[in-house]
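Structure, as structure tokens:
Every read-out reported here was derived from the displayed coordinates using simple, explicitly stated rules and does not represent laboratory data. The shown structure was predicted, so the numbers you read here are calculated from the model rather than taken from an experiment. No Cβ is skipped: glycine too gets one built from the backbone with ideal geometry, and neighbour counts run over all protein chains shown.
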Amino acid sequence: MQLTSTAFGEGATIPQKYTGDGADVSPPLTWSGAPEGTQSFALICDDPDAPRGTWVHWVLSNLPADQKDLPEGASSTLPSGARQGKNDFGKTGYGGPAPPPGKPHRYFFKLYALKSALDLAAGATKQQLEKAMKDHILAQAQLMGKYGRK
């Protein structure tokens with residue numbers, strides 16, 4: 001399975017538009033190669049370089065199996081049945097990169113192909129999603145972008 005974005009490539013800088021310093025909208029994402037038997041997708045975006053440990057920016061579950069992309073700003077226009085979880089900003093939905101000044105941080109967008117839909121309520125945490133999908137992952141893909149402040 002492969003996950004890409006038209007906004008930035010693997011290991012490249014995430015444009016300011018998709019960060020807390022810009023419009024703070026989710027970037028466009030596209031995926032391909034989901035295995036047969038995929039019933040839903042889940043997505044987690046997090047920053048393992050945050051000063052207090054991994055910082056969660058986006059939690060999504062129950063994206064339909066026929067979904068192949070998320071357009072720019074998808075956090076506000078998700079397909080029916082999809083659910084957004086709580087990020088570490090204390091909000092439901094996408095919260096873009098907003099690292100402290102210094103070395104750029106890495107942001108991992110991780111997509112999971114699942115063999116079933118998950119029984120998770122809106123507002124679930126990353127930990128709750130990971131626990132719910134533990135025995136349901138068929139494949140996964142990731143895209144890493146970087147962002148830093150001077």
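Summary table below
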read-out	value
Extreme residue, nearest to Ser116 (Cα to Cα), among residues of region 52-100 that are without any contact (Cβ under 8 Å) to a residue 24 or more places away in the chain and among the aliphatic types (A, V, I, L, M)	Leu63
Residue in region 103-118 that is farthest from the chain's Cα centre (by Cα), counting only those that are closer than 20 Å to Ser32 by Cα and among the aliphatic types (A, V, I, L, M)	Ala117
Test: Asp49 is over 15 Å from Gly73 (Cβ atoms), touching a residue at least 60 places away in the same chain (Cβ under 8 Å) and touching a strand residue (DSSP E or B) at 6+ places or on another chain (Cβ under 9 Å)	no
Test for Ala124: is it in a loop (DSSP other than H, G, I, E, B), over 16 Å from the mean Cα position of the chain (by Cα) and buried (at least 16 other Cβ atoms within 10 Å of the Cβ)	no
Answer from Pro71, Pro64, Pro79 - the residue that is farther than 20 Å from Met133 by Cα and surrounded by fewer than 19 Cβ atoms within 10 Å (Cβ to Cβ)	Pro71
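To keep it simple, each residue is scored yes or no on (1) of a type outside the set (S, T, N, Q); (2) closer than 22 Å to Thr125 by Cα; (3) touching an Asp or Glu at 6+ places or on another chain (Cβ under 7 Å).
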site: Ala7; (1), (2), (3): yes, no, no
site: Lys17; (1), (2), (3): yes, no, no
site: Gly20; (1), (2), (3): yes, yes, no
site: Asp24; (1), (2), (3): yes, yes, no
site: Ser40; (1), (2), (3): no, yes, no
site: Ile44; (1), (2), (3): yes, yes, no
site: Asp47; (1), (2), (3): yes, yes, no
